[in-house]
1. Keeping to region 139-174, report how many residues are assigned to a loop (DSSP other than H, G, I, E, B) and under 28 Å from the mean Cα position of the chain (by Cα).
2. Can you name every one of the helices (runs of 4 or more DSSP H) wholly within region 183-258 that holds 1 or more residues which are among the polar types (S, T, N, Q)?
3. State whether one or more residues within region 873-881 are of a type in the set (D, E, K, R), part of a helix (DSSP H, G or I) and either free of Cβ contacts under 8 Å to residues at least 40 places away in the same chain or assigned by TED's automatic domain parsing to the domain that holds residue 735 (or both).
4. Are any of the residues in region 551-559 touching a residue at least 24 places away in the same chain (Cβ under 8 Å) and within 15 Å of residue 603 (Cα to Cα)?
5. So, residue 79, is that one assigned by TED's automatic domain parsing to the domain that holds residue 16, without any contact (Cβ under 8 Å) to a residue 40 or more places away in the chain and among the hydrophobic types (A, V, I, L, M, F, W, C) or not?
6. Kindly indicate whether any position in region 752-765 is within 22 Å of residue 817 (Cα to Cα), in contact with a helix residue (DSSP H, G or I) (Cβ under 6 Å, 6 or more places away or on another chain), in contact (Cβ under 8 Å) with a residue 60 or more places away in the chain and not assigned by TED's automatic domain parsing to the domain that holds residue 930.
7. Within region 510-525, can you find the residues that are of a type in the set (Val, Ile, Thr) and in a helix (DSSP H, G or I)?
8. Has region 487-495 got at least one residue that is over 24 Å from residue 617 (Cα atoms), in contact (Cβ under 8 Å) with a residue 24 or more places away in the chain and polar (S, T, N, Q)?
Amino acid sequence: MADEPVPLTTRFPKLQPGRRPGSVGAPNGFGTKLLGRRDYDEETGTYVLTHFAIALHIPIWALGAYRVVDAEGGGWFCLGREPLTWRARGLNAFLILAILGAVTGVWWSVHTGSPEYAAGQKLKQAERAAAAGNGGESARLCREVMDSKTSKAGEARRHLAGLIEDPPGAPGEAAAVYEVAVELHRDNRCPVTDLFEKGKVLAVQYAASDPTAALNLLEVIAPYAPAAADELAVRIDLLEKLFARSPDDPAVASRLAAAFEDRGDRDRCEKLLTPFECRLGTLDGAAILGRIYAARGMHDRAYVLLAPFVADRLPALRRAEQAYTDRIKSVQDAVVNELKSGKAPGFDYDRAKGLPEAERDALVNAYLSDRLKDDPALREGRRKLVAERGVIAAVLDLGMVQLQRAQTMADPAARRAELSAAEKTFLSVGGFVGKTDEYRLSLGQVYYWLGRQADGKKQFDELLADRANSTEATLLVARTLREVGDNTAARQLAEQAYNREADTAKKHAAARMRSVLYVDTDDEILWLSRSDPNSRDVQASLSTARGQKAEADGKDTEAADHFRQSIATYDKLPEGDAVLNNAALAHFALFRITLEPEEFTRGMDKLDRAIALNPKSSISLLNGASILVEAAARETVGKAIDFRPLKSPSAWEGVAYLYRTPAERSTVTDGFARHPGAVKARAYSEKLLLLAPKRDDGYQLLGALCEQTADLDGLKAVADRAAKADLDHGDAARKYKEYLTGESDGKRVGEARTQVSRTQAAVAAARPIGGPTFAMAVGRYVRAKTVAWALGQPVDADELVTLAEEAHATPSAGSESTLTAALGLRAHLALAREDKAYAARAERTKRSFGTSLLYFVLAGDGPTRAAGAKNADVKRLAALAEESFRRDPESAHATEWVVLRAVGSELAKPVGERAKNSERARAHRTLERATTPHAAATALGEYWQLLLDGKDAEAKKLIASLAARGVPVP
């Protein structure tokens, strides 16, 4: 009997009957197939096939295994499913691992390439660097993490704050840490607020053990010192300690001399540097000593020091300039390529597609601006450029020395050669070679510096003719003319370019150029509104101008908002000298309103950097000198005057409220003269006379500085240079004419009323404080009311005299001047009420002579003089003049002589003699003749001197000539 067949499930226990692989097929090499015959069973004739998913005919995944038996005629029958072999399962596992590995690799690549990961790694590097004592490197890495704007930025900020508090490593690392902190402070991102104080504490701590490290740290934080004089005192102390250790080191002596120069102590500079004269080489001390010799007329010795210094430093400057220019181009090209490729990180392509062309261009420019601003290499390149541009001051000094040497040479050929050398030296400042437009502009500018204005103008005219008066060439010439101080000519060119240009972009450029040549705030706003509205620079300037307009209208809150907006916009622009200069002005404007010291220090830091980037910018130098003078006056005044109730930080006139006697004046003026701000302001002003020879305000500022510091020789020198200069009086003469005719009264009256309101409120706020603060408030109020009166506004002279008397209860030169002005106004008004003829003259000359008509009449003959002499206020003026003369004979003034002679005082003659022979007064009049020849006040100064000299007929002719020029006279 035959055996019964064994059931399949018994023979194949792992078989799952009935399970089938489903459809099988792989068209084009993709699909599934049954492959790999194995486990053949002879008894049943069955075997196992593995079901694979395939791609490109290659098995990639085992889907299952099936036991089959061949069918007659081909093919097979599936009996059920079998387990996969370990090899098949291994293939699947390998594939899974491969996929996981690929996914993980992609994830890891993305992760490690992400800003978050990079920031985290940098933060770990920063921590390791700090642990190793590399504080500067740690701080730099923290700054980069903060710039990344990732979630790690806060941790980096906290780490940096710790580094600032306690810099790791040697004391020398502290300066590197604080360099990073200062850069962040400039962007309002520093993790500590009292940066200067923290750095100063460390500097003092290091002073004994490592004065060099302490000094380096102090120089880094110096821009944010609340008081420049205090910082300088600490710096000098550190340098003296260092010099005591190395008394034969010319490098240390050079640094100490620079500090003495900052304090205005040229005698100590010379004494310190002279022993090293032959060893200074290219150290800064060579330039310092060369400057000192040049100022003393020792031109040959100055040349020996300055020439090698310049020859060595100029090539380094050119390399730094080229590297900086190349880096800017490299960054610009890279960003432009990214934008074109559609892969610029952070750029809003979707938004750009829907914008009109002009707005799209503005969006691109803003993006490019942001990338340039944040580029670390550009920041470093700018730092190196600033470090090298210090040589430009020495180049200008050397050029002046060569010019002065030429003027003393008797041999015509030698003189021409030296003048040619001076011309080449000045041209080296620009670094242009060949007959390019830039070279021709630079040559024309240098001719102005050399006093050859006609030759300079010829260069500009020829350039314009060669370029067919193109807008580009016209604006370049206008910009250069502005730099040399010829605003009138520059303004005409800018307007011509604007009026004839049809291209929108070029028209915008012409309007922008014209806007910086504004005649007043309204004019500036008008031309800015005609400039490119999408330009951040234009937007920032417009905010500043609108702020100034609001401030003039008494809307301080609105003005402050405009100034803050301006600062915020400027902070988005890449740093350049113009951007820094204009941003600084916005900070100073905000400081005027808020009196927040931080605004002033930020503004000063930006202005210093603007001048460092472009030391030959006459615009920045004028701004720097003007601001520094006020800062020096404010610190000289110190706590004696509280500016908070005065609602204005202007302190120049405040110095006069600190003294009365000659000894007191000497103490105050000496302190002011030695203040680092006043010293720097003077240096800027002296450079300004060279760089902008046609600016009248440059001479006025330097003259005022010399007067305030009692520098008679300096005043005489400035007056002499002004007398020989061909100054641009266009704006001043036009404004004076508008004032006389009343053409600009609509604006002037409103501003005068606002000023009266401001000063009146200041008087009320300052009264509880009293002393110099109250006296200064009263002085401002009296001046404001007098200005308003000249514009037709009512005035209560009794009120002004009462206030002036109250202020003079604490006597000072300032309060006495206020009382004199108030008494003069009241006497003038009294005579006008009592004498119809005098009233008519007073009305006619209200704006030209003002209250000076009183002195004019007292200096003449006739019944009006007699009536004036009997006036009680005139008698008080005489008494004040007598008291002033007895206290300080050197202060005698011509108008005091006029009053004393009118009342018959016995002191009239000695006062007249002193006034007549006053060298200071003569120099002052020479300066006024040169800078304000159109003003009646200038003519009156000459008039008093002619009377003192007994030249009455010439005095009368002078007044007649004034009338011939259209100025109302008595």
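1. If we filter region 139-174 for residues that are assigned to a loop (DSSP other than H, G, I, E, B), which is where we start, we get 149-152, 166-172.
Still in the list and also under 28 Å from the mean Cα position of the chain (by Cα): 149.
Here the count works out to 1.
2. Numbers: elements: 195-206, 211-221, 228-245.
In region 183-258, the matching helices (runs of 4 or more DSSP H) lie at 195-206, 211-221.
3. We begin by selecting, within region 873-881, every residue of a type in the set (D, E, K, R); these are 873, 875-876.
Add one more test, that the residue is part of a helix (DSSP H, G or I), and what stays is 873, 875-876.
When the remaining residues are screened for being either free of Cβ contacts under 8 Å to residues at least 40 places away in the same chain or assigned by TED's automatic domain parsing to the domain that holds residue 735 (or both), the result is 875.
Checked region 873-881: at least one residue is of a type in the set (D, E, K, R), part of a helix (DSSP H, G or I) and either free of Cβ contacts under 8 Å to residues at least 40 places away in the same chain or assigned by TED's automatic domain parsing to the domain that holds residue 735 (or both).
4. In the first step, residues of region 551-559 are kept if they are touching a residue at least 24 places away in the same chain (Cβ under 8 Å); the result is 551-554, 556, 559.
Okay, now just the ones that are also within 15 Å of residue 603 (Cα to Cα), so none.
Within region 551-559, none of the residues are touching a residue at least 24 places away in the same chain (Cβ under 8 Å) and within 15 Å of residue 603 (Cα to Cα).
5. Details: assigned by TED's automatic domain parsing to the domain that holds residue 16: yes; without any contact (Cβ under 8 Å) to a residue 40 or more places away in the chain: no; among the hydrophobic types (A, V, I, L, M, F, W, C): yes.
Taking the combined requirement at face value, the residue does not satisfy it.
6. Yes: region 752-765 contains one or more residues that are within 22 Å of residue 817 (Cα to Cα), in contact with a helix residue (DSSP H, G or I) (Cβ under 6 Å, 6 or more places away or on another chain), in contact (Cβ under 8 Å) with a residue 60 or more places away in the chain and not assigned by TED's automatic domain parsing to the domain that holds residue 930.
7. Kept after step one, since they are of a type in the set (Val, Ile, Thr), are these residues of region 510-525: 516, 519, 521, 525.
521, 525, listed by residue number.
8. Just the residues of region 487-495 that are over 24 Å from residue 617 (Cα atoms), to begin with: none.
Checking region 487-495: not a single residue is over 24 Å from residue 617 (Cα atoms), in contact (Cβ under 8 Å) with a residue 24 or more places away in the chain and polar (S, T, N, Q).
The values are calculated or read from the model by the stated rules, or taken from the named source; none is laboratory data. Fair warning: this is a prediction, and the values are worked out from it, not measured in the lab. Glycine gets a Cβ as well: all are built from the backbone with ideal geometry, and neighbour counts include every protein chain shown.
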